[in-house]
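**Student:** Below is one structure. I have some questions about it.
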Amino acid sequence: MEQPTRSLNELKIALAILLLSSEVGASRSRVISSTALIFCWRNCPPDTLIEMLQPRIKGKYPQAIFEVLTDNVDEIDLYNGAVDAEAFLSARVPSVASVSEQTGTGS
């Protein structure tokens, strides 16, 4: 099954969440589990990732972090490994990874 092409903002949010998850030790301090994030990434329609993640985020602290990420998505920088990370999220090989340059309609 073809994976949907994600917007640049969706990739930024997903990678920021994965980075934050890797930096905290306790699962209760994570915004959302990596498994839930990857499931949503692979299964939700294009341009709906943020809307699909939001109801799955439990607790005031994780919701506040998610809100900060979504409010400041334009300030999140992607580095050299972003294409490989997108390929991992989509379970594809890096040479076929595709992220659209356009940002979502919500920016």
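**Student:** What is the sum of charges, Lys and Arg at +1 and Asp and Glu at -1, for the other residues whose Cβ falls under 11 Å from the Cβ of I32?
**Tutor:** Taking every Cβ under 11 Å from that of I32, the sum is +3.
**Student:** Let me ask something else. When a/c reaches 1.5 or more, the comparison of a/b and b/c decides; with that in mind, is region 8-93 rounded, prolate or oblate per its Cα gyration tensor?
**Tutor:** Rounded, since a/c falls under 1.5.
**Student:** Which FRET efficiency value, to the nearest 0.05, do you get for F88 and K58 by plugging their Cβ-Cβ distance into 1/(1 + (r/R0)^6) with R0 = 30 Å?
**Tutor:** 0.75
**Student:** Let me ask something additional. What net charge is computed for the residues neighbouring N9, neighbours being all others with C-beta under 10 Å from the C-beta of N9, Lys and Arg scored +1, Asp and Glu -1?
**Tutor:** Charge balance in the 10 Å sphere: -1.
**Student:** OK, next. Tell me, what is the FRET efficiency for E67 and S34 to the nearest 0.05, using R0 = 22 angstrom and their Cβ-Cβ distance as r?
**Tutor:** 0.65
Computed from the coordinates by the stated procedures, all read-outs in this text should not be read as laboratory data. All values derive from a computational prediction rather than experimental measurement. Backbone-built Cβ (ideal geometry, glycine too); neighbour counts: all protein chains shown.
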